[in-house]
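Written below as structure tokens is the structure these notes are about.
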């Protein structure tokens, strides 16, 4: 099965949101265990970079890119 993840859930995960980060970790773990494919859109990739770019936070962008690579998104 393909599981689409939009921008906000990735932000929650990267920024370790106190409520939603754990839920995202569980969703991703379940997807991996079940052999599901995690997908997103080019819009998500572009949206994610807006705030970190404005704040000169290339470290956040790097974390996001590394996450996508690790998850083979």
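Having 3 or more residues that are surrounded by fewer than 16 Cβ atoms within 10 Å (Cβ to Cβ) is the bar; report the helices (runs of 4 or more DSSP H) wholly within the chain that clear it.
Correct list: 20-34, 42-54, 58-71.
Condition check ((1) more than 20 Å from residue 4 (Cβ to Cβ); (2) free of Cβ contacts under 8 Å to residues at least 40 places away in the same chain) across all residues:
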{"site": "17", "(1), (2)": "no, yes"}
{"site": "32", "(1), (2)": "no, yes"}
{"site": "47", "(1), (2)": "no, no"}
{"site": "61", "(1), (2)": "yes, yes"}
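Computed from the coordinates by the stated procedures, all read-outs in this text should not be read as laboratory data. None of the values given here were measured: they were computed from a predicted structure. Methodologically, a virtual Cβ is constructed for each residue, glycine included, from the backbone with ideal geometry; neighbour enumeration extends over all protein chains shown.
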